[in-house]
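Below is one structure; the comments refer to it alone.
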């Protein structure tokens with residue numbers, strides 16, 4: 001897809017090549033052999049995975065973010081051929097293999113590995129600067145918070161053009177949170193930034209500063225959600241058999257973006273995103289088997 005007017009959603013953030021390994025007999029144990037059941041090299045990252053899911057749901061997307069190097073670029077270009085995913089904002093000629101991660105998975109447990117601390121510690125930018133022409137005309141967006149000033153710039157452009165955006169794990173005092181249509185806050189975020197607070201206390205803090213909807217996810221536990229000045233609401237996730245949790249949060253984010261595109265009300269959006277995520281964790285690898293709309297509708301009807 002190359003038509004700049006055609007994208008429903010603009011996604012800004014991590015676009016990676018993910019090496020994933022699904023183990024046969026439980027998670028790794030020190031000094032013990034583990035048998036690999038399945039392994040793949042496929043698009044990953046919070047933005048890469050969300051793009052795949054949104055395309056599967058029938059939305060066209062444009063992605064920007066991480067520079068793409070010599071090893072990752074051919075895989076991405078091949079994977080997205082024929083899909084409604086516009087890669088044109090990505091820098092594809094980075095003189096590096098590209099940003100990759102390695103994820104070992106066994107059911108509910110996974111361990112990602114990479115070199116992100118090293119990359120971020122260089123002080124050099126290895127991601128795109130958001131461009132107005134890539135964002136204007138889209139009807140919704142998602143913005144990952146990892147790229148500092150550039151993440152804020154993407155949000156500022158969205159605000160300027162009246163484009164609602166979804167973000168993830170943005171803290172209560174950030175520009176991204178205060179101006180987001182939806183902020184999805186994970187247990188990983190609350191553990192890192194609000195370890196001394198209960199989930200309800202985190203939500204109270206978030207709701208006071210929110211311009212839109214805040215959703216706090218807790219893995220298999222109930223989701224909390226609400227807006228500024230509103231009563232806190234709760235919802236249980238769908239019960240499915242878990243094969244891999246890789247991409248669950250990214251799929252949830254994609255479901256929220258789709259909800260914005262369809263003008264869903266809060267409860268409908270939270271439930272839709274939860275159904276998308278439930279389908280995602282029931283299969284592996286997710287990029288080859290993303291949720292389809294008929295599957296989501298079937299689960300919602302159940």
**Asked** Hey, any hits in segment 191-209 for a residue that's touching a strand residue (DSSP E or B) at 6+ places or on another chain (Cβ under 9 Å) and touching a residue at least 40 places away in the same chain (Cβ under 8 Å)?
**Response** no
**Message:** For segment 22-59, give me each residue that is part of a loop (DSSP other than H, G, I, E, B) and surrounded by 19 or more Cβ atoms within 10 Å (Cβ to Cβ).
**Reply:** 59
**Prompt:** Is there a residue being under 29 Å from residue 162 (Cα atoms) and crowded, with 19+ Cβ neighbours inside 10 Å anywhere in segment 226-235?
**Reply:** yes
**Message:** Regarding segment 197-206, can at least one residue be identified that is buried (at least 23 other Cβ atoms within 10 Å of the Cβ) and in a strand (DSSP E or B)?
**Reply:** no
**Asked** Pairs, please: C-beta under 6 Å, at least 6 apart or cross-chain, first residue on the phi < 0 side of the Ramachandran plot and in segment 162-176, second surrounded by fewer than 20 Cβ atoms within 10 Å (Cβ to Cβ) and outside any loop (DSSP other than H, G, I, E, B)?
**Response** 171/193; 172/205; 172/209; 175/152
**Qualifying positions in segment 253-292 - touching a strand residue (DSSP E or B) at 6+ places or on another chain (Cβ under 6 Å) and within 19 Å of residue 302 (Cα to Cα)** = 270
**Request:** Among the residues of segment 119-155, count how many are over 24 Å from residue 249 (Cα atoms) and free of Cβ contacts under 8 Å to residues at least 60 places away in the same chain.
**Result:** 8
**Request:** Of all residues in segment 144-169, count the ones that are more than 21 Å from residue 123 (Cα to Cα) and in contact with a strand residue (DSSP E or B) (Cβ under 8 Å, 6 or more places away or on another chain).
**Result:** 9
**Failed condition for residue 78, given (1) in a helix (DSSP H, G or I); (2) surrounded by fewer than 22 Cβ atoms within 10 Å (Cβ to Cβ); (3) touching a residue at least 24 places away in the same chain (Cβ under 8 Å)** = (3)
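Every read-out reported here was derived from the displayed coordinates using simple, explicitly stated rules and does not represent laboratory data. For clarity, every value in this text was computed on a predicted model and none was experimentally measured. All Cβ positions, glycine included, derive from the backbone under ideal geometry; neighbour counts span all protein chains shown.
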